[in-house]
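The block underneath contains the structure these notes are about, expressed in C-alpha cells.
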Amino acid sequence: MAKTSHEIRDPIHVFIRLDSQERKVLDSRPFQRLRYIHQLALTYLLYPGATHRRFEHSLGVMELASRVFDIVTDPAKVSDAVKELFPPINSEDERRYWRRVLRMAALCHDIGHLPFSHAAEEELFPPGWDHERMTMELIQSDEMKEIWENARPPLSSEDIVKLALGPKKAKELQFDDWETMLSEIIVGDSFGVDRMDYLLRDSYHAGVAYGRFDHHRLIDTLRILPPPLYPYGNQLDNSKEPSLGVEKGGIHSAEALLLARYFMFTQVYCHHVRRIYDIHLKDFLIDWLGETKYPTDIDAFLKLTDNEITSDLRDACLDAERPGHIHADRIINRKHFKLLYTRNPTDFKINSDAANLVKEAAVKEYGEDKVRLDGYSKKGGITDFPVLSDDGKTVLSALQESQVLAKIPSVVVNYVFVDPNIRDEALRWFNKGKAQIITPQKEEQK
C-alpha cells in the first residue's frame with residue numbers, strides 16, 4: 001500500500017508532515033529548484049552556518065501556515081460576528097479546501113526567486129517582472145496546474161496565487177475579504193508566517209539569538225478580530241473588516257516578534273560586510289549577463305540556480321578576460337571593499353544627507369571605481385493590529401495596549417565603502433576633513 005503521509009525532519013519545527021498531494025508539489029521542478037537557492041545569498045561568507053536554502057524555509061512556512069489556520073478558524077475560537085462575515089468557517093468542507101490551498105500557497109510562495117534571492121532583482125529582471133510575477137507564472141504553469149487539477153478536491157491555481165502573494169503583490173486579481181485575511185497568514189505585515197519562519201531559521205543558521213521569539217505562544221493566541229476601538233469609540237481608519245490580531249495574553253509574544261525583526265535587520269541582514277558582498281555580487285551579475293536579462297521563459301528560468309552563478313564566479317575569478325573578473329575576485333578572494341563611513345545620529349543631526357556627501361567627496365578624491373554607497377531603510381514601529389481584552393468582549397488597539405511596539409525604531413543604514421587598497425589613506429583623509437564634508441554649506445549672500 002502506497003504511503004499517504006510523509007515526514008521531513010526540520011531543525012526549527014522538528015517534524016514537517018505532508019500528504020501525497022503536497023509531496024507532488026515538493027517533487028515538482030519549481031520547488032526542487034529551491035534546494036539550490038540560498039535563503040541569505042552570500043551571507044555565509046560572514047556567518048558560515050547561513051548556508052540554508054529556500055527549500056526548507058518554504059516547508060517551514062507551510063507548517064506554520066496550517067498551524068495558524070487551525071487556530072484562527074476553529075469555530076470555538078471565532079465570534080459569531082466573524083462567523084457571519086466569513087461563512088467558510090461554518091463549513092467543514094470549505095475549511096478543508098482553504099486549508100489545502102493555504103498549505104500549497106505557502107509551499108509555493110518563493111518559487112519565483114532569482115539565484116541568490118534578492119540580489120540585483122530590479123536590475124536583472126526585464127521591465128515589469130519581479131520574483132512575485134514569476135511565482136504567479138510558475139503556479140499557473142502547465143506542470144503545476146496538473147497537480148492542482150488532479151488534487152481531491154481540485155484546487156484553483158488563482159486561489160493559490162492569491163494566498164501566496166496577497167493583494168499588494170497580486171494587484172491584477174480581485175480579492176474578497178476572506179481571501180485577503182487568509183493571505184495575511186502567509187505575507188501579513190504583523191503576523192505573516194513567512195516572516196516568522198525566516199526569523200527563526202535565519203537566526204538558527206547564522207548562530208545568533210536575535211531572531212528567536214515565543215512563536216508557539218504567539219500562534220496559540222492569534223484570532224480573527226474586528227478593527228480595534230480607539231478613545232471615544234472612534235476607529236483610527238475607515239477599515240471595518242476583521243484581520244489577524246491577538247488575545248491580550250499574546251501581546252508580549254507579538255512584541256518579541258517585532259523586536260526580533262528589528263534586531264535581525266540591524267545585526268544580520270544589514271551588517272556592513274553582508275551589504276558590500278551584495279553589492280559586489282550585483283556588479284558581477286550585471287557584467288555576467290551583459291545586455292541580456294534573466295529569462296522569463298519558464299524552462300530557461302528553472303535551469304538557473306545559485307550553482308551556475310557560483311561556478312561562473314569561480315571561473316571569472318581565475319580568468320582576467322572574463323566579464324565580471326574584478327567583482328568575482330573581490331568575492332572569492334575576500335577582497336571586498338572596506339567600510340569608510342557609517343551613518344550615525346550625530347552626523348544626521350548636522351546633515352541628513354551626510355552619507356551621500358561623504359560618498360561624493362570620496363569619489364572626487366579617489367575616483368568612482370574606488371567608492372560604493374549603500375543605503376537601506378525599513379520603517380519602525382508596526383501597522384496597528386487588534387487585541388482582544390481579557391474579558392473577551394472588547395477589541396483594543398495594540399499601539400495603545402503596548403508600550404513597546406510604537407517605540408521600535410526604524411532600521412536605517414547608510415554605508416560608504418572604499419577599495420581596500422586605499423582604505424587606510426581614505427580613513428586619514430576623511431577623519432581630517434570630516435567636519436567640512438558633512439557640515440551644510442551656507443548659501444553665498446547675493
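The values are calculated or read from the model by the stated rules, or taken from the named source; none is laboratory data. Small disclaimer: the values here were computed from a predicted structure and weren't measured. Counting neighbours? That spans all protein chains shown, and the Cβs are built from the backbone with ideal geometry, glycine included.
Would you mind stating whether Ser389 is in contact with a Lys or Arg (Cβ under 7 Å, 6 or more places away or on another chain), modelled with pLDDT under 95 and not acidic (Asp, Glu)? Spelling it out, Ser389 is indeed in contact with a Lys or Arg (Cβ under 7 Å, 6 or more places away or on another chain), modelled with pLDDT under 95 and not acidic (Asp, Glu). Among the residues of the range 171-183, those that are surrounded by fewer than 21 Cβ atoms within 10 Å (Cβ to Cβ) and not charged (D, E, K, R) comprise Leu173, Gln174, Phe175, Trp178, Thr180. Residues in the range 296-315 that are within 23 Å of the chain's Cα centre (by Cα) and exposed (fewer than 15 other Cβ atoms within 10 Å of the Cβ) were compared, and the one that is nearest to His327 (Cα to Cα) is Asn307. For the range 354-422, the strands (runs of 3 or more DSSP E) that sit wholly inside it and include 1 or more residues that are in contact with a Leu (Cβ under 9 Å, 6 or more places away or on another chain) and farther than 23 Å from Glu184 by Cα are 371-378, 411-418. Taking the range 335-352 as the range and being of a type in the set (Lys, Arg) and either assigned to a helix (DSSP H, G or I) or without any contact (Cβ under 8 Å) to a residue 40 or more places away in the chain (or both) as the test, only Lys349 passes.
Determine whether Tyr269 is closer than 30 Å to Gly211 by Cα, among the hydroxyl-bearing types (Ser, Thr, Tyr) and buried (at least 17 other Cβ atoms within 10 Å of the Cβ). Quick ask: steps written out before the conclusion?
Working: closer than 30 Å to Gly211 by Cα: yes; among the hydroxyl-bearing types (Ser, Thr, Tyr): yes; buried (at least 17 other Cβ atoms within 10 Å of the Cβ): yes.
It is true that Tyr269 is closer than 30 Å to Gly211 by Cα, among the hydroxyl-bearing types (Ser, Thr, Tyr) and buried (at least 17 other Cβ atoms within 10 Å of the Cβ).
Is it fair to say Leu59 is touching a strand residue (DSSP E or B) at 6+ places or on another chain (Cβ under 6 Å) and aliphatic (A, V, I, L, M)? Yes; evaluated as a whole, the condition is true for this residue.
Val371: among the β-branched types (Val, Ile, Thr), closer than 22 Å to His271 by Cβ and at pLDDT 95 or above, yes or no? So Val371 fits the description; yes. Here the condition is being buried (at least 16 other Cβ atoms within 10 Å of the Cβ) and either touching a Lys or Arg at 6+ places or on another chain (Cβ under 8 Å) or touching a residue at least 12 places away in the same chain (Cβ under 8 Å) (or both); of Ala355, Ala406, it holds for Ala355 alone. For Ile16, the stated conditions hold: it is surrounded by 15 or more Cβ atoms within 10 Å (Cβ to Cβ), in contact with a helix residue (DSSP H, G or I) (Cβ under 7 Å, 6 or more places away or on another chain), of a type in the set (A, V, I, L, M, F, W, C) and over 30 Å from Ile279 (Cα atoms).
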